[in-house]
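Novice: Right, I'll just put the structure down here and ask away after.
The values are calculated or read from the model by the stated rules, or taken from the named source; none is laboratory data. For clarity, every value in this text was computed on a predicted model and none was experimentally measured. Cβ placement follows ideal geometry from the backbone for every residue including glycine, while neighbour counts extend to all protein chains displayed. Each accessible area value is taken on the protein alone, full model and side chains, heavy atoms only, with ligands, DNA and RNA left out. Shrake-Rupley method; radii C 1.70, N 1.55, O 1.52, S 1.80 Å.
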Amino acid sequence: MTTRTFAALGDRPGATEAEASGPSPLRVRDGAWWLHPSWTAILTVLPCLAVAWMTPGEDYLLWWRTPKYFGSVTALTSLLLLGAFVAGAMVPSLARGRVPVRGPRLTTSAAQRRILRRAGNVFLALTVTGYAVWMLLALSRGYGVAQFISAMHLDQGALIVEKQVYFSTAPGVTTLTQFGPLALVCLLLDRRMSGRRHHWSLALLAVLTLVRVFINAERLALFEMAIPAVVLAAATRTGTTRRSRRKLFWAALPLLAPLALAVVFAVFEFTRSWNDRHPQYGDVGFGEFIMLRLGGYYATASNNSAILLARLAPYTKAPFFTVPFIWSAPVLGSLLDPRSVLGISLDEWSKVLQQYGNLEFVNNGSLLLAVADYGLAGALIWWTVLGLALGICYRALRSGDVGALILYSVLYIGLLEMGRIFYWGLGRTFPVIIGGLAVSWYLRRALRAPETSAES
């Protein structure tokens with residue numbers, strides 16, 4: 001039986017029936033317009049650029065203790081690069097016409113479901129192994145009950161010490177923990193398609209993530225697990241759900257996103273910065289402190305890009321800022337001599353930021369990094385190609401490709417972070433992209449295999 005026959009079936013199968021027949025109970029949702037990479041980039045980057053450009057220089061010094069470098073030229077350059085990304089992302093949608101309003105079913109077969117379940121279990125095992133080794137390293141560095149109690153009491157500086165001393169990253173080890181988002185997406189998809197619950201596996205991922213977020217003061221780790229789950233829920237629906245109300249909810253979700261960001265940011269800044277740094281802000285209440293810190297994270301990211309262009313980029317000999325995963329890789333990074341190849345040392349950015357910026361705000365933006373590596377013309381090509389790649393992946397998702405859904409759910413984090421960092425170039429992201437591509441390839445291969453054998 002082919003996948004076209006499966007697409008005609010509307011009932012959701014049970015666990016044993018799904019394994020035998022393979023029809024997917026999931027359709028592509030048509031209400032979440034903001035999932036398109038162009039819209040997400042516009043909604044996330046434009047406010048960041050506006051805050052960075054419109055904030056007066058004296059407020060930069062007063063609030064964030066850094067001079068303002070982000071002016072009209074860098075703002076217009078950023079807009080030009082954003083436009084290149086948006087144009088590239090729109091090409092796949094315009095070239096092949098619109099997707100039907102009633103979303104197609106996800107194209108799956110029994111073989112694909114087995115791959116999906118196995119991939120989820122493999123990624124889960126890698127994730128748990130990474131966390132276990134990371135904890136053993138922390139214990140070997142002296143982490144114990146006293147440190148844990150100090151962190152739970154929110155003693156001043158306790159979480160900073162734990163992050164920098166006991167839970168500092170170990171290349172190749174902590175990288176394994178980054179397979180968590182892929183494990184989550186694969187298991188959630190298998191849960192929705194086959195009926196398998198995966199209660200213990202999903203609970204274990206949730207506990208490990210929350211412990212990491214608190215102990216290691218790592219807010220990004222929470223987003224890396226939460227965002228793919230949101231993308232999965234926003235992009236797919238079961239054939240039996242009521243469409244009108246849910247469609248309206250997902251269409252209006254961007255209105256709630258700023259509030260959700262502020263709440264999450266406030267919760268974690270209370271444990272990270274409020275106890276340690278709020279006296280530097282004078283008689284500022286918690287609410288105002290959070291708004292200043294949140295605005296600072298995004299405004300100084302664009303401003304740091306301008307600092308980087310002016311103070312560091314002229315001395316580099318090879319691409320560095322858009323591909324840091326190459327230089328931080330456990331093997332390749334140790335074989336290469338960064339100073340001889342790049343012209344700078346890996347810690348040069350910290351030195352520049354200490355001299356011209358503020359080490360409390362280390363985000364270096366994203367759009368202008370390509371200018372530092374490739375020049376303006378090369379940056380336009382870079383962002384156009386990236387937009388095209390994201391647009392192709394999104395188009396495949398909208399056509400019912402389950403592999404594209406998995407890959408896009410983890411790539412989408414980078415879209416939300418475009419105003420702050422170039423997420424796709426980080427060392428923590430590289431294995432996730434490779435894993436997502438591998439799963440997508442195996443799923444496509446398994447989908448074609450029955451059709452090929454049937455035709456022969």
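Novice: Between residues in segment 344-358 that are part of a loop (DSSP other than H, G, I, E, B) and residues that are open to solvent by 80 Å² or more (accessible area, probe 1.4 Å) and hydroxyl-bearing (S, T, Y), which pairs lie under 7 Å by C-beta distance while being six or more apart or on different chains?
Specialist: Pairs that qualify, where the first residue is part of a loop (DSSP other than H, G, I, E, B) and the partner is open to solvent by 80 Å² or more (accessible area, probe 1.4 Å) and hydroxyl-bearing (S, T, Y), are I344/Y315.
Novice: Test T127 against the stated conditions and say whether it is crowded, with 21+ Cβ neighbours inside 10 Å, of a type in the set (V, I, T) and over 25 Å from the mean Cα position of the chain (by Cα).
Specialist: No; evaluated as a whole, the condition is false for this residue.
Novice: Within segment 396-410, track down each residue that is touching a Cys at 6+ places or on another chain (Cβ under 7 Å) and open to solvent by less than 10 Å² (accessible area, probe 1.4 Å).
Specialist: Answer for segment 396-410, where residues must be touching a Cys at 6+ places or on another chain (Cβ under 7 Å) and open to solvent by less than 10 Å² (accessible area, probe 1.4 Å): A404, I406, Y408.
Novice: Which of the residues belonging to segment 170-210 are among the polar types (S, T, N, Q), more than 18 Å from the chain's Cα centre (by Cα) and more than 14 Å from V122 (Cα to Cα)?
Specialist: Within segment 170-210, just S194 meets the criteria.
Novice: Can you say whether L359 is out of contact with any helix residue (DSSP H, G or I) (no Cβ under 9 Å at 6 or more places or on another chain), open to solvent by 60 Å² or more (accessible area, probe 1.4 Å) and either modelled with pLDDT of 85 or more or not basic (K, R) (or both), as far as the supplied structure shows?
Specialist: no
Novice: Give the residue that is nearest to the chain's Cα centre (by Cα), with candidates limited to residues of segment 411-438 that are within 14 Å of A183 (Cα to Cα) and buried (at least 22 other Cβ atoms within 10 Å of the Cβ).
Specialist: Taking the candidates together, the pick is V432.
Novice: With respect to L376, determine if the residue is in a helix (DSSP H, G or I), open to solvent by 10 Å² or more (accessible area, probe 1.4 Å) and under 30 Å from V439 (Cα atoms).
Specialist: Judged against the criteria, L376 is not a match.
Novice: Would you check if V165 is part of a helix (DSSP H, G or I), touching a residue at least 60 places away in the same chain (Cβ under 8 Å) and open to solvent by 30 Å² or more (accessible area, probe 1.4 Å)?
Specialist: no
Novice: Here's another thing I want to ask about it. Taking segment 314-356 as the search range and keeping residues that are charged (D, E, K, R) and at pLDDT 80 or above, which one is least open to solvent (accessible area, probe 1.4 Å)?
Specialist: So, considering only residues that are charged (D, E, K, R) and at pLDDT 80 or above, the one least open to solvent (accessible area, probe 1.4 Å) is E348.
Novice: Moving to a separate point now. Given the conditions (1) more than 26 Å from F249 (Cβ to Cβ); (2) of a type outside the set (D, E, K, R); (3) outside any loop (DSSP other than H, G, I, E, B), and given that T66 satisfies all but one, which numbered condition is not satisfied?
Specialist: Failing condition for T66: (3).
Novice: Would a scan of segment 254-267 turn up a residue that is closer than 30 Å to P104 by Cβ and buried (at least 16 other Cβ atoms within 10 Å of the Cβ)?
Specialist: No: zero hits.
Novice: Shifting gears a bit: For the list (1) open to solvent by less than 10 Å² (accessible area, probe 1.4 Å); (2) over 26 Å from the mean Cα position of the chain (by Cα); (3) modelled with pLDDT of 90 or more, I need the number of the one condition that A52 fails.
Specialist: A52 satisfies all of (1) open to solvent by less than 10 Å² (accessible area, probe 1.4 Å); (2) over 26 Å from the mean Cα position of the chain (by Cα); (3) modelled with pLDDT of 90 or more except (2).
Novice: Please specify each residue of segment 142-159 satisfying the condition of being in a helix (DSSP H, G or I) and under 29 Å from the mean Cα position of the chain (by Cα).
Specialist: Matches in segment 142-159: F148, A151, M152, A158, L159.
Novice: A follow-up question, please. Within the bounds of segment 381-394, is there any residue that is touching a helix residue (DSSP H, G or I) at 6+ places or on another chain (Cβ under 6 Å), closer than 16 Å to F85 by Cβ and outside any helix (DSSP H, G or I)?
Specialist: no
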